[in-house]
Amino acid sequence: MENTNTAAVCRKKPTLLDIRNIAQMGILAAIAFVLASLEIPVWFAPGFYRIDLSELPVMIGAFAMGPLAGVVIEFLKNVLYFFLHGSSTAGIGEIANFIAGCCLVVPAALFYNWKKTKKRALIGMCVGIVLMAIAGWLQNAYILLPLYASVFHIPLDSLIAMGTKVNASVTDLPTFVLLIVVPFNLLKGAVVSALTLLLYKRVSPILHGKLC
């Protein structure tokens with residue numbers, strides 16, 4: 001017969017500010033920070049666009065502890081990156097990364113936590129990927145690319161020319177964003193989502209403390 005006290009502990013659902021959850025969010029943010037430093041170039045974009053998998057631990061944490069936990073992990077990751085790695089954009093790039101990451105992770109976690117099935121997770125991930133692509137499009141068109149050009153004293157036309165070298169259809173800022181930035185974010189979101197589907201069920205028992 002199952003011990004009543006043990007069963008009660010196993011069934012107890014911790015709050016976000018539970019010590020275990022706080023520790024897990026910190027660990028996942030640290031892993032995300034490390035992954036943010038491991039960047040992979042892509043063939044269809046200039047060299048300053050590199051994919052990282054830092055949203056993977058963020059999404060896993062959001063699935064396990066809820067969308068708000070995902071926001072906290074994403075925030076901590078960018079704070080760590082800003083202070084330990086440094087920023088060439090006075091923090092603007094980190095803010096943009098936070099917004100884009102939340103656009104991917106929060107919808108996915110909301111759908112999954114509403115009804116924890118693979119179908120719900122897939123729907124949420126698809127919504128998140130689209131929202132991240134839209135956020136990336138707006139941020140790059142109106143903030144990041146102009147800021148990058150200003151900080152590094154590079155004419156915006158020169159940045160566009162870098163895009164033209166990898167894709168002849170890129171002729172101005174709108175086509176740069178449409179043909180390079182949007183596919184970049186779609187690819188990143190798809191890779192992170194696929195890896196989450198592969199890994200989440202393997203690590204969720206640890207995050208949920210289901211050892212009893």
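No lab work stands behind these numbers, since they all come straight from the coordinates. Bear in mind the structure is a predicted one, so any value in this text is a computation, not a measurement. Cβ atoms come from the backbone with ideal geometry, glycine included; neighbour counts cover every protein chain shown.
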Quiz prompt | Under-5 Å amide H pairs with residue 171, H placed in peptide plane, nonlocal only | solution = 176
Quiz item: Residues with beta-carbon under 13 Å from that of residue 188, excluding residue 188: net charge, scoring Lys, Arg +1 and Asp, Glu -1?
Solution: -2
Quiz item: Build a GNM of the chain with springs between Cα atoms under 10 Å: which of 159, 38, 84 gets the top mean-square fluctuation?
Solution: 84
Quiz item: If you stretched the chain out fully between residue 171 and residue 122, how much longer would it get, using 0.36 nm times the residue separation minus the C-alpha to C-alpha distance?
Solution: 14.1 nm
Quiz item: Any idea what angle helix 55-65 forms with the longest principal axis of the chain, computed on alpha-carbon atoms, 0 to 90 degrees, nearest 10?
Solution: 30 degrees
Quiz item: Mind checking the angle between helix 92-114 and the chain's longest principal axis? C-alpha axes, 0 to 90 degrees, to the nearest 10.
Solution: 40 degrees
Quiz item: What list of ³J(HN,Hα) couplings, whole Hz, do you get for the range 67-84 from phi and the Karplus terms 6.51, -1.76, 1.60, once you set θ to phi - 60° and write x for glycine and proline?
Solution: x, 5, 4, x, 4, 5, 5, 4, 5, 4, 4, 6, 5, 4, 5, 5, 7, 9
Practice problem: Would you look at the GNM of the chain, springs on alpha carbons closer than 10 Å, and say which of 93, 47, 101 moves the most? | Solution: 47
Quiz item: Just how many pairs of Lys in the chain have C-alpha atoms closer than 12 Å, counting pairs that are eight or more places apart or on different chains?
Solution: 4
Quiz item: Do the sum for the chain: with -39,500 (n - 2.57) for every DSSP H run of n ≥ 4, divided by all residues, what is the mean residue ellipticity at 222 nm, to the nearest 500 deg cm²/dmol?
Solution: -22000 deg cm²/dmol
Quiz item: For the chain, which longest stretch is free of loop sites, where a loop site is one of the trypsin sites (Lys or Arg not before Pro) that DSSP puts outside H, G, I, E and B and that has at most 15 other Cβ atoms within 10 Å?
Solution: 13-114
Quiz item: Helix 156-166: angle to the longest alpha-carbon principal axis of the chain, degrees 0 to 90, nearest 10?
Solution: 80 degrees
Quiz item: Which shape class, rounded, prolate or oblate, goes with the range 56-154 when its Cα gyration tensor gives a ≥ b ≥ c as root eigenvalues, a/c under 1.5 marks rounded, and past that a/b bigger than b/c marks prolate?
Solution: oblate
